Amino acid sequence: MKLLSFYKWIAGSMADFTSQFKDNEVLFNQARAYWSKLEASSVIVLVIFLVLGIAMAISYYQPYNNSPGRHYKPIHWLYFLCGTFVLTFLLTWCYVHFAVPSSLNGVSMLHLKLALGNALYAAGLYFFCSWIWCQFNLPTNACRIFKF
Amino acid sequence: MKSVTMLMASGMSTNGYAIVPIILDPHLDLEEKKNLHTLIEGYQDIYNKTTNKGSLNHLEGFFNSEIVTINELNNQVNDTQQASGSKEKFRSYINEANLAADDINNYLVQTLFSSKNLDSPLSVGFKGNPNVGTVVLGEMIEGADWFRAFKQHCEKDDRIFIISSIFGGTGASGYPLLEKKIKGSASQPAVKNAVMGAVTVLPYYGLKDPTTSGSDIDSANFYTKTKAALAYYEKTVLSDYLYYAGETSLIQVYENDEKKQDDKAHFIELVAASSLFDFLHREKPETQQFLTRAIDDAQNSLDLVSLGSGYKEIVKCVADYKLLGLLINVLQTEKFFPLIKNRGFDDNFYKDAPFQALKRFTEIYDNWYHELSTNKRAFSPLNTDNKKKMEGWVKTLSLDAKDDSYYLLKMIQASNGNKDKTHENKFRFFLQFAHDAINYYTKKILK
């Protein structure tokens, strides 16, 4: 399964990426090879958002709300949402930048778009986990803001 | 009795006993007496709401013991509030007018009682005159509905405790008389044989010069009267436990206004109240016991260290209730507190009668503690001013809770850990969780 297709909406497809090199066969082949390498590493990108999205939700609803400081207030939930977004963005960008390096044109933008997409997925997952936590009465000291 | 009620509200244990207060004060119009009745009613109201009028066990912690008035026990007996006083003058009460001027009994009356004594209406108490109280109270007790009701409802294993001052009129004369009447109740063995205790409060405040206020009470006589009464008590009192509470000198001087008697709550009253709780935890002694309670260091403002280890439980109780007062104020504005959804502690709950009753009681409690902490000598073991640095809530001790959020979190945890499905009494849950939260941190005081 091509996992990068999850990010097509923001990072585009291989065809979109390689099309800029269609006039130069060498660069075109390098771009295709790079995309394949990125595709092979995409499972880690996916793991980053899954792990961070879930871990941040668990951290918020369990240890963080087990410590004093009125952490049950929604503003703290928002802090964690932002934290999830920023952390996922940075970790994804660092990973693709250092694990799948390339000097090809447009790679930096591709990395940024991937990181942004992954951060948005993580934030969505954090929100989904929060909804599950509130709806199904999982143990927490936080305010169940998504229980209506 | 005010201090007893406050300590009970704070969580002081009565060892399973329900308290049946009988307040003997012929002073019909005394505001303080009316306030006391209101306070007791407030306590009962809250207690009944926590127990669903007795269908649930009492709580651990705040309001954990029952107060029942004698008229509730007896359904319709007149309360002491109405029955014991009379507008009649003492002169008329003893039929002095029937004595001939040269009657030897008249000379005896003139010797024992001053003109002021004879002209005093009985409805204002005996105003520091035990010689008057002794004559009147005996009959007042014997003929009173409350005394008959008391004898009727006193059962085996019930206990009797008398709280009185020794330097006034009503208490000083009333205690030995009452004790004599109780011990003389041969036809009621449960009354006669009940374990009995008493606390007699020695002089702890003075009154301003009576010549300027026109009062009949002169505090210069307090010590003389006390010595005389103590000499009498030594040979006559029959209580199993007799507690003494008093001051080393009359540090505080109040206005000499016998109509108002607007005296502030005092540390010695708290000490006297604590003797009741001590008594309720003791076994029947083989011989009569005389007890008193000292402080470690005679400071003008007493904290946990100067009070000494014997006061830890009292300090904890007062610290606990003051923290409850803080939570009561904080929680009403805490819009995202999880127990709003989990337990229904919402705006309607805070507007509802039980919470409002608790709030009113707490306002009286705060005032009581303020008086205690500003009186001479001051009982001031708490530092309640800085809500941001609450580790210093109890002076000379550092609590682990640094601010109110620690208590709020423990309340949530107590709620989450509570699986009690036997009732849906939100008010009871509120007090239970608040106590669990507070006790988690303040139990350190007892170590």
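Each value in this text was obtained by applying a stated rule to the coordinates, not by laboratory testing. Quick caveat: nothing in here was measured; it's all calculated off a predicted structure. Using ideal geometry, Cβ is built from the backbone for each residue, glycine included, and neighbour counts are taken over all protein chains shown.
Structure above, values below:
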quantity	calculated
Computed [θ] at 222 nm, helices only, for chain B once each DSSP H run of length n ≥ 4 contributes -39500 (n - 2.57)	-14000 deg cm²/dmol
Chain A, helix-only ellipticity at 222 nm - DSSP H runs n ≥ 4, -39,500 (n - 2.57), divided by all residues, nearest 500	-23500 deg cm²/dmol
Nearest-0.05 FRET efficiency for B:Tyr107 and B:Gln188, computed from C-beta distance (R0 51 Å)	0.80
Average Cα contact separation per residue, region A:42-135, under 8 Å, 6 or more apart, as relative contact order %	47
Size descriptor, Kirkwood hydrodynamic radius, that averages inverse alpha-carbon separations across chain B, Å	23.6
Longest DSSP-loop-exposure-free segment, GluC sites (Glu not before Pro), chain B, at most 10 other Cβ within 10 Å	B:287-447
Estimated inter-spin distance, B:Lys387 and B:Lys235, nm [label 7 Å along Cα→Cβ]	6.1
Lys, Arg +1 and Asp, Glu -1 on Cβ, resulting dipole of region B:341-447 about Cα centre, debye, nearest 20	300
DSSP beta bridge pairing in chain B, given as percent antiparallel to the nearest 5	10
Dipole in debye (nearest 20) - chain B, about Cα centre, beta carbon charges: Lys, Arg +1; Asp, Glu -1	1140
Overall Cα dimensions of region B:275-362, principal axis frame, Å, largest first	56, 33, 22
log₁₀ of I(q)/I(0) at q = 0.08, 0.10 Å⁻¹ - the protein assembly as shown, Debye sum with one point per alpha carbon	-0.69, -0.92
Positive-end residue, region A:1-94 charge dipole about Cα centroid, Cβ charges, pick of A:Phe49, A:Gln20, A:Leu38	A:Phe49
Student exercise, region A:1-82 dipole from Lys, Arg, Asp, Glu Cβ charges, in Debye to nearest 20	300
Reachable lysines from B:Lys389, criterion Cα separation under 26 angstrom, eight or more residues apart if same chain	A:Lys73, B:Lys312, B:Lys316, B:Lys322, B:Lys335, B:Lys359, B:Lys402, B:Lys410, B:Lys443, B:Lys444, B:Lys447
Under the span-like rule (Cα at least 30 Å along the axis, Kyte-Doolittle mean at least -1.0), DSSP H helices of chain B	B:353-374
FRET efficiency, 1/(1 + (r/R0)^6) with R0 56 Å, evaluated for B:Phe336 and B:Ser114 via beta carbons	0.25
Beta bridge orientation in the protein assembly as shown: antiparallel %, DSSP, nearest 5	10
Pairwise label distance in nanometres, B:Lys444 with A:Val26, each label 7 Å out on the Cα-Cβ vector	7.2
Dimensionless Rg/Rh of region B:226-374 - Kirkwood Rh, Rg from C-alpha atoms	1.08
Region A:42-135 pair-distance distribution - Cα-Cα, 5 Å bins, rounded %	3, 15, 23, 20, 14, 10, 7, 4, 2, 1
Principal-axis tilt of helix A:25-61 within chain A, Cα atoms, nearest 10 degrees	0
Gained length - B:Ala18 relative to B:Gln356, 0.36 nm times residue gap less alpha-carbon distance	119.2 nm
Column: log10 I(q)/I(0), Debye, Cα scatterers of region B:311-446, q = 0.09, 0.15 Å⁻¹	-0.27, -0.75
For region B:355-430 versus region B:263-303, the gap between their alpha-carbon centres in whole angstrom	24
Ratio Rg/Rh [Cα only; Rh per Kirkwood] for region B:263-305	1.05
